[in-house]
Amino acid sequence: MFGQVLATEFMKLHRAKATWATLAVLAMMPLGIALFMWIVREPGRAAQLGLVGTKASLAGLEATWPEYFYMLTLIFGIGGMLLLAFIVAYLFGREYSDATAKNMLALPVARHWFAVAKLAVAAVWWMALIVLVLAEAMAIGFAMGLPKFSAELAATGLANVLLAASISFLLAPVVAWIAVLSRGEVAPIAFSLVMLALGNLFGRTGWAEWFPYSIVPLLIGMVADPVDTLTAGSYVVLAGTFMAGTTATILQLRFADNAQ
Amino acid sequence: MEETHPATAVSTRALVKRYRDVTAVDSLNLDVRRGEIYGFLGRNGAGKTTTIRMLLGLIRPSGGEVTVLGQRMVPGETNMFSRVGFLVETATAYPNLTVRENLDIQRRLTGSPPGSVEDSITLLRLGPYAGRRAGQLSLGNKQRLSLARALLHSPELLVLDEPANGLDPAGIVEIRDLLRSLAGERGVTVFMSSHILAEVAHLADRIGIIHNGRLIEESSREDLAAKARSFAADAYTPEEREQALLTLDLERYFLARTGEAAKGPVA
């Protein structure tokens, strides 16, 4: 039965504008970084075009592959966390905003399969976006002719982006639970914004590796110098967050009142 | 699973639902017999939809118990829904999917055969709209889609909350005929709620009236009609009776002018 549930969850995305919207938003990120790099590389021409070359040169960045990968990781990590929250909020919350949850929950299908299938769809959607936009980013980097490229650098850079994206996914079930609990899409997105701010705050304290929403900022170097590896404690916190969020979502669907 | 009397399709015992200090359903005892059409009548806010949500396991009772098709409802238990079709309150569907795609989701999740989608489209006369997105349908056609979804897997029990919502008079007659044939020819039990007596008066074998969460009356259609006639004889002036007859005549004329659904009885 899980196969049918999964298939129908993918069917529900037919013609959904949200899929294209998330692709468009994420695809803008490498373009934005590329523009920034171009401004750094050619501040005179950028100033002629009315772009703020001074600010870009003050940032102290270089238009090189290492900087490009660093920026990609940073933007995929933080922007990606928010985008993933939107995806999960959409998948779970739309059942309430479209008032279809009541139809879904009174079917001869164990309710936990819907939670599992929606998280699986979110994972596939998320990874498809990452792969597509990474391909775009690489193409842009080569098209710009950025210096200091090496295969080792590319492997490390891509691995960092994928690690940050995967870790972000471990936080997704909590967003799903908030969507089911609040019966909509707004609360989980608001929750993610607040957690992002808190993660930034905690990330500057000694608690960073223990607060789930600080771990991605810590990994990508948003709140301090990027760390090479996370501590075992951080992985335990992330795994615990994933398990807690998944369990809470399933229990909410199974046992709570599901009025709309 | 606890078994109840095999002739009972739906049973509630001392069913209660409280929301903080508000009691939406209060000590409700219902028995819906297999194969009958039961009209569950009540004004807005009387507790009809709350009762239906409890019958479908969408909300948990604060007290009492619900038995559906011989199985006691347990929170999260969903096996019996292969035998139950339902429509709760508003007609809803995935707006980005076509009528056919919406029904295909229902087919897959109920394990119904592939032909059931086209069968239900034909049954509810949704053919001209089958390729149209649900979000672009009129309210009446959304209601038809919801009914098609409810009927797709040939359920033994239909639980319908205000099934005539959004339907025009011809549509109401058509759905009434459909429900009557389902109950009469296929033995489907129909539990339908409404806040309009006329809607259930032509269809239900028995009618229960819920008010402030309590079942205040339950009788056969004939008994209720007799009580109503006796009450109305005292309560209405000749002018009011004439007005009511005029309304019926106008509706009959309208149906006669607007389609074959007019063949059925007129509310």
Original post:
Before we move on, is A:L74 assigned to a helix (DSSP H, G or I), within 30 Å of A:A47 (Cα to Cα) and modelled with pLDDT under 90?
Top reply: yes
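Looking only at the stretch B:87-119, which residues are under 19 Å from B:N165 (Cα atoms) and among the hydroxyl-bearing types (S, T, Y)?
Passing the criteria: B:T90, B:T92, B:Y94.
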Original post:
Among the residues of the stretch A:231-256 satisfying the criterion of being surrounded by fewer than 19 Cβ atoms within 10 Å (Cβ to Cβ), within 20 Å of the chain's Cα centre (by Cα) and of a type in the set (G, A, S), which is nearest to A:E95 (Cα to Cα)?
Top reply: A:A244
Original post:
Which of the residues spanning the stretch B:80-105 are more than 8 Å from chain A (Cβ to nearest Cβ) and in a helix (DSSP H, G or I)?
Top reply: B:V99, B:R100, B:N102, B:L103
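Conditions tested, residue by residue: (1) at pLDDT below 85; (2) surrounded by fewer than 17 Cβ atoms within 10 Å (Cβ to Cβ); (3) not β-branched (V, I, T).
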position: A:E62; (1), (2), (3): yes, yes, yes
position: A:F69; (1), (2), (3): no, no, yes
position: A:V88; (1), (2), (3): no, no, no
position: A:R94; (1), (2), (3): no, no, yes
position: A:K102; (1), (2), (3): no, no, yes
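State whether the residues of the stretch A:159-177 include one that is farther than 21 Å from A:A122 by Cβ, away from chain B (no Cβ under 14 Å), in contact (Cβ under 8 Å) with a residue 40 or more places away in the chain and assigned to a helix (DSSP H, G or I). Walk me through how you get there before you give the answer.
Start the filter on the stretch A:159-177 by keeping residues that are farther than 21 Å from A:A122 by Cβ, which leaves A:159-160.
Subsequent filtering for residues that are away from chain B (no Cβ under 14 Å) retains A:159-160.
Then keep just the ones that are in contact (Cβ under 8 Å) with a residue 40 or more places away in the chain; that gives A:160.
Restricting the remaining residues to those that are assigned to a helix (DSSP H, G or I) gives A:160.
Yes; the residues of the stretch A:159-177 include at least one that is farther than 21 Å from A:A122 by Cβ, away from chain B (no Cβ under 14 Å), in contact (Cβ under 8 Å) with a residue 40 or more places away in the chain and assigned to a helix (DSSP H, G or I).
Report yes if some residue within the stretch B:25-40 is closer than 15 Å to B:L215 by Cα, of a type in the set (V, I, T) and crowded, with 17+ Cβ neighbours inside 10 Å; otherwise report no.
Checking the stretch B:25-40: at least one residue is closer than 15 Å to B:L215 by Cα, of a type in the set (V, I, T) and crowded, with 17+ Cβ neighbours inside 10 Å.
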Subject >> Given (1) of a type outside the set (G, A, S); (2) modelled with pLDDT under 95; (3) more than 14 Å from A:A164 (Cα to Cα); (4) surrounded by 20 or more Cβ atoms within 10 Å (Cβ to Cβ), index of the condition A:P188 fails >> reply: (2)
Original post:
So which of B:G140, B:G127 ends up being closer than 25 Å to B:T50 by Cα, away from every other protein chain (no Cβ under 14 Å), surrounded by fewer than 23 Cβ atoms within 10 Å (Cβ to Cβ) and more than 13 Å from the chain's Cα centre (by Cα)?
Top reply: B:G140
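Name the single residue that is farthest from the other protein chains (Cβ to nearest Cβ) among those in the stretch B:41-79 being charged (D, E, K, R) and in a loop (DSSP other than H, G, I, E, B).
Step one: list which residues in the stretch B:41-79 are charged (D, E, K, R), which gives B:43, B:48, B:53, B:60, B:65, B:72, B:77.
Filter once more, keeping what is in a loop (DSSP other than H, G, I, E, B): B:43, B:60, B:77.
Values: B:R43: 19, B:R60: 6, B:E77: 9 Å.
Checking each candidate, the answer is B:R43.
The values are calculated or read from the model by the stated rules, or taken from the named source; none is laboratory data. Everything quoted here is computed from the prediction, not taken from an experiment. Cβ sites come from the backbone with ideal geometry, for glycine too, and all protein chains shown count toward neighbours.
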